[in-house]
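Undergrad: Here's a structure for you.
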Amino acid sequence: MQRHIRGRRGEDGFTLIELLIVVSIIGILAALGVTTFTLMKERAEYARGQDTLRSAQTAFEVGDQEAAPGTTVALTYTGDAGGAVGGALGALLPGAVTPLNVDLGAMYEYCDSSSPPLQVKQFLNVVPCNSTRRLTWTRFCGGTEIRLENLPNPGCENSPGDASNCRLGFFVLEACAHSFRFLSQRWRARR
C-alpha cells in the first residue's frame, strides 16, 4: 500500500504573488545591505586618511627639528601606490609610510624669528582615493595649527601628482582661505 502525501488539488506549489513578494523582500534586504556596506567602506577609507594625517604630523615634527635653516619644499605628492615616503619629502617626513590608495601632499617653509606669524610653515593634504572626503593640516610660523576635515575630495585621478598639475594652486589657496577665515573669526571674537 503506497500512500502519497499531497495537499488538496491545485495547492502543489507557491502562487505567483507569493513568489513575487518573497523576491521583492530579498531585493529590499540586498539593497539595504549594499548601501550599508558602501557607507562602512567610505568610513574605513576616511579613517585610513585620518591615520595617515596623524602619522605624517608626527613625522613632520621630527623632520622640522632636523631641517636645515632655509629649507623649503614646494607642495609635493607621494602618489597613491603606498610605501615609504622618499625624495625631498622623505627628509622632512622621516619614517613616514603611506598606505595603498592614499595620496599624501606636503609643503614646508623654514621659519625664523623674522618670519610673519601667518606665513605657512607646514602643510599636509591627505587624499584617500576611495573616499569622498579629504583632510588638510596647516601650521603657521606663529605656531597656530588648523586642521580641516571632510573637505570635498577630487579623487586620486585628479589629485596633484607632478609639476604639470594645475590643481596645486587651488589646494594651497583653499587651505589658506579657510585658515585666514578661521583666524579672523577668532581675532574678532577676542575683541
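Undergrad: Check ASP112, ASP64 and return the single one that is of a type outside the set (Lys, Arg), over 20 Å from ASN150 (Cα atoms) and part of a helix (DSSP H, G or I).
TA: ASP64
Undergrad: Being surrounded by fewer than 15 Cβ atoms within 10 Å (Cβ to Cβ) and out of contact with any strand residue (DSSP E or B) (no Cβ under 8 Å at 6 or more places or on another chain) narrows it down to one residue among ALA74, ALA59, ALA68; which is it?
TA: Answer to the selection: ALA68.
Undergrad: Given (1) outside any helix (DSSP H, G or I); (2) touching a Ser or Thr at 6+ places or on another chain (Cβ under 6 Å), where does GLU45 come up short, assuming only one miss?
TA: The one condition GLU45 does not meet is (1).
Undergrad: Has the range 69-82 got any residue that is of a type outside the set (Val, Ile, Thr), within 29 Å of ARG43 (Cα to Cα), out of contact with any helix residue (DSSP H, G or I) (no Cβ under 7 Å at 6 or more places or on another chain) and assigned to a strand (DSSP E or B)?
TA: Scanning the range 69-82, I find at least one residue that is of a type outside the set (Val, Ile, Thr), within 29 Å of ARG43 (Cα to Cα), out of contact with any helix residue (DSSP H, G or I) (no Cβ under 7 Å at 6 or more places or on another chain) and assigned to a strand (DSSP E or B), so the answer is yes.
Undergrad: A further question on this structure: Contact list please: Cβ distance under 9 Å, first residue in the range 144-156 and closer than 23 Å to PRO117 by Cα, second residue among the small types (Gly, Ala, Ser) and surrounded by 13 or more Cβ atoms within 10 Å (Cβ to Cβ), pairs at least six apart or on different chains.
TA: The qualifying pairs are THR144/SER179; ILE146/ALA175; ILE146/SER179; LEU148/ALA175; LEU148/SER179.
Undergrad: Working only within the range 115-143, note down all residues that are among the polar types (S, T, N, Q), part of a loop (DSSP other than H, G, I, E, B) and within 30 Å of LEU39 (Cβ to Cβ).
TA: ASN130, SER131, THR132
Undergrad: Please enumerate the residues belonging to the range 110-135 that are within 15 Å of the chain's Cα centre (by Cα) and either loosely packed, with under 15 Cβ neighbours inside 10 Å or free of Cβ contacts under 8 Å to residues at least 40 places away in the same chain (or both).
TA: Result: THR132, single match.
Undergrad: Report the residue count in the range 93-109 for those that are in a loop (DSSP other than H, G, I, E, B) and either at positive phi or crowded, with 22+ Cβ neighbours inside 10 Å (or both).
TA: The total comes to 4.
Undergrad: Go through the range 52-97 and give me each residue that's without any contact (Cβ under 8 Å) to a residue 12 or more places away in the chain and within 18 Å of the chain's Cα centre (by Cα).
TA: Across the range 52-97, the qualifying residues are ARG54, THR58.
Laboratory data are not the source of any read-out in this text; all were calculated from the coordinates shown. Small disclaimer: the values here were computed from a predicted structure and weren't measured. When we count neighbours, we look across all protein chains shown, and the Cβ atoms used for this are built from the backbone with ideal geometry, even at glycine.
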